[in-house]
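The values are calculated or read from the model by the stated rules, or taken from the named source; none is laboratory data. Just so it is clear, the structure is predicted and the values come from calculations on it, not from any experiment. For neighbour counting, all protein chains shown are included, and Cβ atoms are generated from backbone atoms with ideal geometry for every residue, glycine included. Remember, those area values only see protein heavy atoms, side chains included, never the ligands or the DNA or RNA. Shrake-Rupley method; radii C 1.70, N 1.55, O 1.52, S 1.80 Å.
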Amino acid sequence: PLPRLRQYWKENWGDEFVVAHGVIYRPDNLDGFVALDGEEWVGGITYCFSEGDCEIVSLDSLREGQGIGTMLINKAIEQARAKDCQRIFLITTNDNLHALGFYQKRGFELVAVHRGAVNESRKIKPSIPLVGNDGIPLRDEIELEMIL
């Protein structure tokens, strides 16, 4: 699935890598799962481990409202617990209102707003747009976590 994931990130995230809190993430260096319907790729999650934490780097569901994202989150939580992580966390952007609701409904809590962090990420990845979902200026990273 790595070539497929690289292509998906390029088509939907603007490049073959993502940047969050100043870190460059590439699919090759991440753990994850792909959700399949037969041979069709319908979702995926990537994450990494460090110092007792599990960070969700990407979550994609190509069929909204069918439980794919929830199933993938649960698999990542299961892996984080197996690695004895104290928490699982993620970063999203201030314009991603859908994700903010999605994660909170699944037990994640807002823990930090990193003001201007997207502006810093743009220095590493200039393809990050200035305006995001719903015409909202794209500038801040929001951190959500679940204590395990």
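Criterion first (open to solvent by 20 Å² or more (accessible area, probe 1.4 Å) and in contact with a helix residue (DSSP H, G or I) (Cβ under 8 Å, 6 or more places away or on another chain)) does L36 satisfy it? Against the criterion (open to solvent by 20 Å² or more (accessible area, probe 1.4 Å) and in contact with a helix residue (DSSP H, G or I) (Cβ under 8 Å, 6 or more places away or on another chain)), L36 does not qualify. Scanning the range 85-95 turns up no residue that is of a type in the set (A, V, I, L, M, F, W, C), open to solvent by 20 Å² or more (accessible area, probe 1.4 Å) and touching a helix residue (DSSP H, G or I) at 6+ places or on another chain (Cβ under 7 Å). Here L72, L97, L36 are screened, and the one residue that is without any contact (Cβ under 8 Å) to a residue 40 or more places away in the chain and more than 14 Å from the chain's Cα centre (by Cα) is L36. When the range 13-32 is filtered for residues that are open to solvent by 60 Å² or more (accessible area, probe 1.4 Å) and in contact with a Leu (Cβ under 8 Å, 6 or more places away or on another chain), only D28 remains. With respect to D60, is the statement that it is assigned to a loop (DSSP other than H, G, I, E, B), open to solvent by less than 30 Å² (accessible area, probe 1.4 Å) and touching a residue at least 12 places away in the same chain (Cβ under 8 Å) true? Criteria not met by D60.
Here S50 meets each of (1) modelled with pLDDT of 85 or more; (2) surrounded by 14 or more Cβ atoms within 10 Å (Cβ to Cβ); (3) hydroxyl-bearing (S, T, Y) with one exception, condition (2).
E120 - would you say it is open to solvent by 70 Å² or more (accessible area, probe 1.4 Å), modelled with pLDDT of 95 or more and part of a helix (DSSP H, G or I)?
No: the conditions fail for E120.
Among the residues making up the range 63-84, those that are surrounded by fewer than 14 Cβ atoms within 10 Å (Cβ to Cβ) and more than 17 Å from M146 (Cα to Cα) are R63, E64, G65, G67.
Can you name the residue in the range 123-148 that is of a type in the set (K, R) and open to solvent by 30 Å² or more (accessible area, probe 1.4 Å) and, of all such residues, is farthest from L97 (Cα to Cα)? Ranking the candidates gives K123 first.
Within the range 95-117, the set of residues being in contact with a strand residue (DSSP E or B) (Cβ under 6 Å, 6 or more places away or on another chain) and either outside any strand (DSSP E or B) or on the phi > 0 side of the Ramachandran plot (or both) comprises A99, Y103, G107, F108, A117.
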